[in-house]
Amino acid sequence: MKKYIITTGTVTYAIKGKDILKRNGIKARVERIMSGKGSSGCGYSIIIENDFEKALGLLKSNGIKILEVNEK
Amino acid sequence: MIYFDNAATTGAKPKAVIDTLSKALMEYNANPGRSGHSLSLKTADAIYKVREKVASFFCASGPERVIFTLNCTHSINCVLKGVLGRGDHIIVSSFEHNAVMRPLKKLRVNYSVAAVSLTNDEQTVENFRKAIRPNTRMIFCTGASNVFGKMLPIAQIGKLCRERGILFGVDAAQIAGVIPIDVKEMCIDFLCVAPHKGLYAPMGCGILISEKNIPDTVLEGGTGTNSLELSQPEFYPEKHESGTLSVPIILGLSPAIDYVEKLGIEKIYNHELTLAKSVYSALNQKEEIELYTPEPMKGSYAPVISFNFKGVDSTQTSRILSDFGVAVRGGLHCAPTAHNYIGTLGSGTVRLSFGTFNTSNEVNRFKGLINSENFSKKLKISIE
């Protein structure tokens, strides 16, 4: 199944984002990652499998800074 | 022991706080924000929930604005050293603790001291207003004197700052958990909290609510993110939280806040102030005792009283009281600025400060003690 890796940087923003998504009915979890090309190293991401566009919209409207988005 | 030293730290902590510390050491013994395993993420989640609770308690704009520091002094240093720059002017009050005055001395920043009226809050606000200059960057003041209990009109001072486009920082060490604090309503940009005092949390961490960004850091190091970059990351709160957090202490904050909320801040304040007024009244009747403020009134004073037996050194009085099983603090209370303002720099004062676990029975025992022959004899011997 496709999964979306939304990198927020710090664990605080990752957890905040995860909680926002969960409250809006989107299953999400936090994982530690090494960020992709051009990034500054390790950090945390929110992992979702569905409702990607809705999730992105919710995160942005709630002030969660998104550093990177990857698909797997 | 009768513990009347709650301004230093609250003498008893709720059982739920103690139990949480123990549980944290057993079940949350991983470093949050560093690893990716389930225990680290579980601990990070638990810490985040405490941030949410603290943010809600102080009406902060979000959990990410809650920074955990080493203690309130560290929080104050973060604000003063992180915000003030060359050419900036700052206004502080005449009751500031050394946690404010020593960083200002180190920074060699230009500062003014606004006199706090013991009886007229409008005059206090006017004194702050008169001290404002074109280059005033911030007003930073205590919420209440840790020596004399006088509460400052921080909501009015905050309003003044907002009108003038000046940053506003508050040392809430003596007021958090004693009066309701709403950082938005009170226009507070930086709130520095000592949770181990009025919030009944364990000693070992401080809180800094940072509604505005603090440009510079006082501590740089590992934040668990952006490791390739040698510059400190800009993300809040991690920007100001380098190194490992005091996880058990922070988790202990949660039941501590629950305790305060369950009892109710108004109920807590009324209880403690009633005890303070009762002691004040008894002290005021004794000719040999000197008091330095009017009777503490609701809304104007925190439950803190300073006094002296005339002609007796305050640390000596405190030692004698300790011999009789009463814990107080004598001396300058790390606040020479306050003592200088009131005129007690030479003698210091004996400070009594009350908490939720103090009772009217303890107050009555204290009154009985200071009126007893035995006590008077010991005091007399100490003078001779």
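With θ set to phi - 60° and the Karplus curve 6.51 cos²θ - 1.76 cosθ + 1.60, what are the ³J(HN,Hα) couplings of region B:87-103 in order, to the nearest whole Hz, using x for Gly and Pro?
x, 6, 10, 10, 10, 10, 9, 7, 10, 5, 6, 4, 4, 9, 5, 5, x
How big is the dipole moment of chain A about its Cα centre under a simple scheme where the beta carbon of each Lys and Arg is +1, that of each Asp and Glu is -1, and everything else is neutral? Debye, nearest 20, please.
Dipole size: approximately 120 debye.
With each run of n ≥ 4 DSSP H residues scored as -39500 (n - 2.57), what mean residue ellipticity at 222 nm is computed for chain B after dividing by its residue count and rounding to the nearest 500 deg cm²/dmol?
-12500 deg cm²/dmol
Run the dipole for the protein assembly as shown about the Cα centre, Lys and Arg Cβ at +1, Asp and Glu Cβ at -1, nothing else charged, and hand back the magnitude in debye, nearest 20.
560 debye
Just check chain B against the gyration tensor rule for me: Cα atoms, a ≥ b ≥ c as the square roots of the eigenvalues, rounded for a/c under 1.5, and otherwise prolate or oblate depending on whether a/b exceeds b/c.
Oblate, since a/c reaches 1.5 and b/c is not below a/b.
Taking only Cα atoms, what is the 0 to 90° angle, nearest 10, from helix B:72-83's long axis to the longest principal axis of chain B?
60 degrees
Just check region B:90-140 against the gyration tensor rule for me: Cα atoms, a ≥ b ≥ c as the square roots of the eigenvalues, rounded for a/c under 1.5, and otherwise prolate or oblate depending on whether a/b exceeds b/c.
Because a/c hits 1.5 or more and a/b fails to exceed b/c, region B:90-140 counts as oblate.
List the lysines whose Cα lies under 20 Å from the Cα of B:Lys105, skipping any in the same chain that are fewer than 8 positions away.
B:Lys81
I'd like the orientation of helix A:52-61 relative to chain A: the angle between its Cα long axis and the longest Cα principal axis, in ° from 0 to 90, rounded to 10.
80 degrees
Let me check against my output: what whole-number percent is the relative contact order of chain B, with C-alpha pairs under 8 Å and at least 6 apart?
Averaging sequence separation for qualifying contacts and normalising by length gives 23 percent for chain B.
On C-alpha positions alone, give me the angle between the axis of helix B:247-263 and the longest principal axis of chain B, in degrees, nearest 10.
Long axis of B:247-263 versus the principal axis of chain B: about 60 degrees.
Too long at a 28 Å Cα-Cα cut-off: which of B:Lys184/B:Lys298; A:Lys16/A:Lys72; B:Lys49/B:Lys239; B:Lys15/B:Lys286?
In this structure, B:Lys15/B:Lys286 exceed 28 Å between Cα atoms.
If you find the alpha carbon centre of region B:134-213 and of region B:298-374, how far apart are they in angstrom?
Measuring centre to centre over Cα atoms gives 25 Å.
Every number in this text was worked out from the coordinates using simple rules, so none of it is lab data. Here the structure is a predicted model, which is why all the values come from computation and not from measurement. Every residue, glycine among them, receives a Cβ derived from its backbone with ideal geometry; neighbour counts consider all protein chains shown.
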